[in-house]
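S.K.: Here you go, one structure.
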Amino acid sequence: MSDNMSREEAVQRVAALIKGIKFCMLVTQTDQGRLHSRPVTTQEQDFDGDLWFIGGKDTEWVHDISQRPEINLAYAQPDGQNYVSITGRARLVEDRAKLEEVWSDFYKAYFPEGIDDPNVQLIHVDTHGAELWESSGKLASAFALAKGLVTGERGDMGSNETVSLE
């Protein structure tokens, strides 16, 4: 965590960067020890240090989480040149009230029986920390890149910071 940033400030900063990003890439480790990424839908809730997802009990990624719960989530907002990589520990949860809270009709495409589909799995991620890359904007990034190409000097492509969410 930044020396002068509290947990609450770190959570607020991450929340501001990932707000409105509908999909992120979830990275799990397979039975063979390989890393596997796939897109997952971010719930439309305010980030408070925890993240929630819905998956299928019969999917590889839910199996991976049940065996090796340490995961990574990669959020990208290319238009704003902002990127967030979150580490955490995922767990499979049976909580009907929470499932109802995060459920949307979007999931009917994956679960034909709706919220009562026996394949629905609620996943909770307790976040450990995040790496943040923030740019000062698209124009500034383009200028820094062009300057670096012309001068051979490293351009300022924005800031990178590691924050603790524990």
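Every number here is computed from the coordinates shown, using simple stated rules; none is lab data. All figures in this text were calculated on a predicted structure; none of them were measured in a lab. Cβ coordinates were reconstructed from backbone atoms using ideal geometry, including for glycine residues, and neighbour counts include every protein chain displayed.
S.K.: Tell me which trypsin sites (Lys or Arg not before Pro) from the range 1-103 have a DSSP coil assignment and no more than 14 other beta carbons within 10 Å of their own.
M.R.: Sparse-neighbourhood loop trypsin sites (Lys or Arg not before Pro): Lys19, Lys22, Arg34, Lys57.
S.K.: Work the Kirkwood hydrodynamic radius out for the range 1-121: mean of 1/r over every pair of different alpha-carbon atoms, inverted, in Å.
M.R.: Taking every pair of different Cα atoms in the range 1-121, averaging 1/r and inverting gives 15.6 Å.
S.K.: With r as the distance between the Cβ atoms of Ser164 and Thr30 and R0 = 41 Å, compute the FRET efficiency 1/(1 + (r/R0)^6) and round to 0.05.
M.R.: E(calc), rounded to 0.05, equals 0.90.
S.K.: For the range 14-109, run through the GluC sites (Glu not before Pro) and keep only the ones in DSSP coil with at most 11 other Cβ atoms within 10 Å of their Cβ.
M.R.: Listed in order of number, the matching sites are Glu44, Glu94.
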